[in-house]
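K.L.:
I have a structure here, written as structure tokens, and I will follow up with some questions on it.
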Amino acid sequence: MISREAEKELELLATQFRAVAVTGPRQSGKTTLVRKVFKKKPYANLENPDIRQYAREDPRGFLSNYPDGAILDEVQRVPELFSYLQQILDEQVQNGSFILTGSNNFLLNSSISQSLAGRVGYLFLLPLSISEIKPSPNISNQLIFKGGYPEVYQKNIDTGKYYDNYIRTYVERDVRLLKNITDLYSFERFLRLCAGRTGQLLNMNSLASEVGVDVKTIGSWIGVLEASFIAFRLYPYHENFNKRIVKMPKLYFYDTGLASALMGIEEISQLFIHPFRGGLFENLVVVDFLKRLYNNGKQNNLYFWRDNIGNEIDLLIKKEGFLSPIEIKSSETISDEFFKGIRYWNKLTHTEGGYLIYAGDMLQKRSGGIVAVPVHLLNTIEI
């Protein structure tokens, strides 16, 4: 079993809140983690049709089976439980009684979030981070292709078949549960086109034109991808700058293995010459910072910056009011040109420092406080 960095945060939340909600993508390891940490708690899987029917028809009776709390897996399948849970949690003295998991972000449901407000600590569990995988140097293509889903590493499973089945399950089942999308063919086309835009500015007008639907539909479908932890938007940082700053978000996937499969990449060897390798490598780095933030119970403090004349910083990390600029390059060798964006930013903001993340194997300290960091040492950068 792969040790998860979020384990300590989960244990901490259980001492501070009446209940803990663990959400994240399907198969990211939520059930394995909570059952490992809370071995003695009763477990109820609401994916089971019989258990789900019982919980829906008699929520009060169902919860009465667990006077000292329990792990309720895939709890979003029975929203009727939440108002009853609210009452139980209000009467509870002990923290960490109920542990709730869900494969979509049920916290976005206003009625659910109101029921849980102030009573529940939240943990977002994404697929494995680079440091959890513990890769060797110079295997960035393997990291991109395999992604971070634990099952890919723990079982002797064909990566291509794993993601093909994941996509089928997602499109044919999860999408139907989240939103009544009847045109699944157009939605899958939309999903694959989004993968091809990894690391790019999200132009919904262009996407709508290619898919053949209106912009409002694209906006709704992007919301579905976010609610189901398939993709997310990275927003530009534009405080204290003039109107020349680009304000359109960029689109990234929570897993590069899934994005690669959606692009039709069937072998690792394809990545050596693939035109989207740079975007996928950038995605790998950006989402790894996000995983580390969530694993440590921190908020998303990631941005990018770009002006309308081509100056850009791939990633900004905001910490204690200070912005750390990060450039991301998929090359295994370093060129002085790679530092151009950071130097421009430092001159603009009258600061020093920054990081270049690349696919090589040597950590290099450069002038002006800039450090070049190989992707396998990403966890050496403070967040």
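The values are calculated or read from the model by the stated rules, or taken from the named source; none is laboratory data. These numbers come from a predicted model, not from an experiment. Note: ideal-geometry Cβ built from the backbone for every residue, glycine included; neighbour counts use all protein chains shown.
K.L.:
Answer yes if at least one residue in the range 36-47 is more than 23 Å from Phe229 (Cα to Cα) and more than 28 Å from the chain's Cα centre (by Cα), and no otherwise.
P.N.:
yes
K.L.:
Same structure, new question: Tell me which residues, restricted to the range 109-137, are at pLDDT below 90 and part of a helix (DSSP H, G or I).
P.N.:
Matches in the range 109-137: Ser110, Ser111, Ile112, Ser113, Gln114, Ser115, Leu116.
K.L.:
Here is a follow-up. Taking the conditions exactly as written (more than 30 Å from the chain's Cα centre (by Cα), surrounded by 14 or more Cβ atoms within 10 Å (Cβ to Cβ) and β-branched (Val, Ile, Thr)), does Ile88 satisfy them or not?
P.N.:
yes
This table checks each residue for (1) under 20 Å from Tyr149 (Cβ atoms); (2) assigned by TED's automatic domain parsing to the domain that holds Leu177; (3) at pLDDT 95 or above.
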| residue | (1), (2), (3) |
| --- | --- |
| Glu11 | no, no, yes |
| Leu33 | yes, no, yes |
| Ala44 | no, no, yes |
| Pro59 | no, no, yes |
| Val93 | no, no, no |
| Ile99 | no, no, yes |
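K.L.:
Continuing with this model, one more query. Being small (Gly, Ala, Ser) and in a loop (DSSP other than H, G, I, E, B), is that true of even one residue in the range 273-290? Even if it seems obvious, please write down each step before you answer.
P.N.:
Step one: filter the range 273-290 for residues small (Gly, Ala, Ser), giving 278-279.
Checking which are in a loop (DSSP other than H, G, I, E, B) leaves us with none.
No, the conditions are met nowhere in the range 273-290.
K.L.:
From the list Pro79, Pro25, Pro49, exactly one residue is assigned by TED's automatic domain parsing to the domain that holds Gly118, under 28 Å from Leu177 (Cα atoms) and modelled with pLDDT of 95 or more. Which is it?
P.N.:
Result of the check over Pro79, Pro25, Pro49: Pro49.
K.L.:
Against the conditions (1) buried (at least 17 other Cβ atoms within 10 Å of the Cβ); (2) in a loop (DSSP other than H, G, I, E, B); (3) without any contact (Cβ under 8 Å) to a residue 60 or more places away in the chain, where does Asn104 fall short? Just the number, please.
P.N.:
(3)
K.L.:
Just to verify a result, which residue in the range 317-360, among those that are of a type in the set (Lys, Arg) and touching a residue at least 24 places away in the same chain (Cβ under 8 Å), is surrounded by the most Cβ atoms within 10 Å (Cβ to Cβ)?
P.N.:
Lys329
K.L.:
Same structure, new question: Provide a single number: the residues in the range 117-149 that are under 16 Å from the mean Cα position of the chain (by Cα) and within 20 Å of Ser269 (Cα to Cα).
P.N.:
Number satisfying all stated conditions: 5.
K.L.:
Still on this structure, please answer the following. In the list Phe82, Phe17, which residue meets the criterion of being touching a residue at least 60 places away in the same chain (Cβ under 8 Å) and among the hydrophobic types (A, V, I, L, M, F, W, C)?
P.N.:
Within the list Phe82, Phe17, the selection yields Phe17.
K.L.:
Then there's this: Can you tell me how many residues in the range 218-232 are surrounded by fewer than 19 Cβ atoms within 10 Å (Cβ to Cβ) and not small (Gly, Ala, Ser)?
P.N.:
Number satisfying all stated conditions: 1.
K.L.:
Moving on to the next point. So Asn165 clears everything in (1) over 19 Å from the mean Cα position of the chain (by Cα); (2) assigned by TED's automatic domain parsing to the domain that holds Pro374; (3) not in a helix (DSSP H, G or I) except one condition, right? Which one?
P.N.:
(3)
K.L.:
So which pairs qualify, if the first residue must be in the range 200-212 and part of a loop (DSSP other than H, G, I, E, B), the second must be of a type in the set (A, V, I, L, M, F, W, C), the Cβ gap must be under 9 Å, and the two must be at least 6 apart or on different chains?
P.N.:
Gln200/Leu251; Leu202/Cys194; Leu202/Ile222; Leu202/Met248; Leu202/Leu251; Asn203/Met248
K.L.:
Continuing with this model, one more query. If you check Ala195, Ala208, Ala259, which single one turns out to be under 14 Å from the mean Cα position of the chain (by Cα) and under 30 Å from Gln76 (Cβ atoms)?
P.N.:
Numbers: Ala195 fails: under 14 Å from the mean Cα position of the chain (by Cα); Ala208 fails: under 14 Å from the mean Cα position of the chain (by Cα).
From the options Ala195, Ala208, Ala259, the qualifying one is Ala259.
K.L.:
Give just the number: which of (1) surrounded by fewer than 22 Cβ atoms within 10 Å (Cβ to Cβ); (2) over 16 Å from the mean Cα position of the chain (by Cα); (3) in contact (Cβ under 8 Å) with a residue 24 or more places away in the chain; (4) over 26 Å from Thr351 (Cα atoms) does Ile265 not satisfy?
P.N.:
(1)
K.L.:
Counting only residues that are of a type in the set (Ser, Thr, Tyr) and surrounded by fewer than 17 Cβ atoms within 10 Å (Cβ to Cβ), how many does the range 154-205 have?
P.N.:
The first filter runs over the range 154-205 and keeps only residues of a type in the set (Ser, Thr, Tyr), leaving 159, 162-163, 166, 169-170, 182, 185-186, 198.
Retained after the next criterion (residues that are surrounded by fewer than 17 Cβ atoms within 10 Å (Cβ to Cβ)): 169, 182, 185-186.
Within the range 154-205, residues that are of a type in the set (Ser, Thr, Tyr) and surrounded by fewer than 17 Cβ atoms within 10 Å (Cβ to Cβ) number 4.
K.L.:
Strands (runs of 3 or more DSSP E) wholly in the range 11-73 with at least 1 residues that are surrounded by fewer than 19 Cβ atoms within 10 Å (Cβ to Cβ) - which ones?
P.N.:
Passing ranges, in order: 43-45.
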